[in-house]
Amino acid sequence: LAQHGAGFKAALYLGGNGVNDDLMTALPALRIISNYGVGYDTIDAKSAAKRGIIVTHTPNVLNDEVANTAILLWFAVSRQLLLNDAYVRAGRWEHEGAMPLSRSVQGRTVGIVGLGRIGHTIAKKLEVFDASVLYHARSRKNVPYKYYPDLTEMAEACDVMIVITSGGQETRHLVNADVIDALGPDGILVNVSRGSVVDEAALVKSLRDGKLGGAGLDVFANEPKVPEDLFSMGNVVLQPHVGSATYETRQAMGELACENLIRWAQG
């Protein structure tokens, strides 16, 4: 950076420690940051705006995949997919008989935290499962779903809550202990947004105390570090932040991230 920083006009950000004001200072000619991913909470957008730097990202191309991942996590928890798989692999089915019954996914009440592009896609996909969809967002939207300005009240009304809001300080620990406990001992929490949105310590405690029925988690507060208490919980399904991680989706994200740079270069 010291030797070549002044020569860069464009940056492609692939994740990591973020793009802060210090890095922008080291790149005085920078005019665009293209983020390979949806959202830009790891980029200091306010500093970029003050410096006249454009920030772009890759929305829409990953909507379906992240929505599919959210539903996959819910189903895996509700139908005890990993427990059943381990039961068969251990040879227990033959010697111990059938597993205990699991919970149906049909006709459930599902609350969505953040009804943006991906939230809309999740809601649409849930129709085939006869779900009653509720949502919590900063403001009411023109949609046929019931709006809850109070997140705790929505949690009380839900069987399942899917978190897909943006990250950052504004939503840090939006899903707190009160919200988690309001879901109840039969409720399921799915997080495919950012680990910071959920109070992770409160989540672990609620699961440990039996106040929450289960959780499907693709994101964590201090990735890749995951609370070890979760490892032994059979009612929890864990993924290493792979909500959009398919060949097809990552190809589309890469093409859009590059296209954003090309369009900027072309004026």
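Obtain the radius of gyration and the Kirkwood radius of the chain from its C-alpha atoms and give Rg over Rh.
My calculation puts Rg/Rh at 1.03.
Between the residues PRO28, LEU212, GLY107, the greatest Cα displacement towards the positive end of the dipole of the chain, with unit charges on the Cβ of Lys, Arg, Asp and Glu, is found for PRO28.
Phi-derived couplings, Karplus 6.51 cos²θ - 1.76 cosθ + 1.60 at θ = phi - 60°, listed residue by residue for segment 190-204: 10, 10, 10, 9, 9, x, 5, 5, 9, 6, 5, 5, 5, 5, 4 Hz, with x used for Gly and Pro. For GLY111, the residues whose modelled amide H falls within less than 5 Å of its own, excluding neighbours fewer than 5 places apart on the same chain, are LEU134, ASP159, VAL160, MET161, ILE162.
Sequence-distant contacts, meaning Cα pairs under 8 Å at least 6 residues apart, place the relative contact order of segment 115-267 at 15 percent.
Each residue of segment 232-238 was assigned a 3J(HN,Hα) from its phi angle through the Karplus curve 6.51 cos²θ - 1.76 cosθ + 1.60 (θ = phi - 60°); the sequence is 9, 8, x, 9, 10, 10, 10 Hz, with glycine and proline shown as x.
Enter the accessible area per residue of the chain (Å², integer; probe 1.4 Å; all protein chains in place).
Averaged over the residues of the chain, the accessible area is 54 Å².
In this Cβ point-charge picture (+1 for Lys and Arg, -1 for Asp and Glu), the chain has a dipole of about 800 debye about its Cα centre.
In debye, nearest 20: dipole of segment 2-133 around its Cα centre with unit charges on the Cβ of K, R (+) and D, E (-)? The calculation lands at about 320 debye.
For the chain, averaging the sequence separation of C-alpha pairs within contact (under 8 Å, six or more residues apart) and dividing by the residue count gives a relative contact order of 18 percent. Please find, in a Gaussian network model of the chain (springs between Cα atoms separated by less than 10 Å), the residue of LYS46, LYS125, LYS141 whose mean-square fluctuation is greatest. Looking only at LYS46, LYS125, LYS141, the largest GNM fluctuation is found for LYS46. Using a probe radius of 1.4 angstrom, the carbon and sulfur fraction of the accessible surface of segment 209-267 is 52%. Can you give me the Cα centroid spacing of segment 25-85 and segment 129-190 in angstrom? If you average the Cα positions of each part, the centres end up 20 Å apart.
Taking ALA11, ALA98, ALA157 in turn, the Gaussian network model of the chain (Cα-Cα springs below 10 Å) assigns the largest fluctuation to ALA98.
Quick check for me: using +1 on Lys/Arg Cβ and -1 on Asp/Glu Cβ, what's the dipole size of segment 58-113 about its Cα centre, in debye to the nearest 20? Let's see the in-between values first.
Values: 5 positive and 5 negative charges, 39 e Å.
With Lys and Arg at +1 and Asp and Glu at -1, about 180 debye.
Of MET99, MET24, MET154, the residue with the greatest mean-square motion in the GNM of the chain, using alpha carbon springs below 10 Å, is MET99.
When the helix-only estimate is applied to the chain (DSSP H runs of n ≥ 4, each -39,500 (n - 2.57), divided by the residue count), what is the mean residue ellipticity at 222 nm, nearest 500 deg cm²/dmol? Could you put the intermediate results ahead of the total?
Details: 10 runs with 94 residues, N = 267.
Result for the chain: -10000 deg cm²/dmol, rounded to the nearest 500.
Farthest towards the positive end of the charge dipole of segment 17-139, among the residues THR58, ASN17, ALA76, is the Cα of THR58, using unit charges on the Cβ of Lys, Arg, Asp and Glu. You can think of it this way: the chain between LEU101 and TRP264 has 53.1 nm of extra reach, that is 0.36 nm per residue less the Cα-Cα gap. Residues whose amide H comes within less than 5 Å of that of GLY216, counting only those at least five positions distant or on another chain, are LEU189, VAL190, ASN191, VAL237 (H built at 1.01 Å from N in the peptide plane).
Can you work out the PRE-style zone for LYS225? Point 7 Å along Cα to Cβ, and I want the residues of segment 157-197 with backbone N under 20 Å. Label zone hits: 168-169, 172-173, 194-197. Database remark: amide H of ILE43 closer than 5 angstrom to the amide H of VAL19 (H placed geometrically; neighbours at sequence offset of 5 or more, or on other chains; Pro and chain starts carry no H).
With all protein chains in place and a 1.4 Å probe, the accessible surface of segment 1-130 carries 54 percent carbon and sulfur. With θ taken as phi - 60° and the Karplus curve 6.51 cos²θ - 1.76 cosθ + 1.60 applied, the whole-hertz 3J(HN,Hα) list for segment 161-176 is 10, 10, 9, 9, 8, 6, x, x, 5, 5, 10, 4, 6, 4, 8, 9 Hz, x standing for glycine and proline.
Stokes-Einstein diffusion for segment 43-125 at 4 °C, viscosity 1.567 mPa s, with a Kirkwood radius from C-alpha pairs, works out to 79 µm²/s.
The values are calculated or read from the model by the stated rules, or taken from the named source; none is laboratory data. The structure presented is a predicted model; accordingly, all values stated were derived computationally and were not measured. Quick reminder, even Gly has a Cβ in these numbers, built from the backbone with ideal geometry, and neighbours come from all protein chains shown. What goes into the accessible areas is simple: the full protein's heavy atoms, side chains included, and nothing from ligands, DNA or RNA. Shrake-Rupley method; radii C 1.70, N 1.55, O 1.52, S 1.80 Å.
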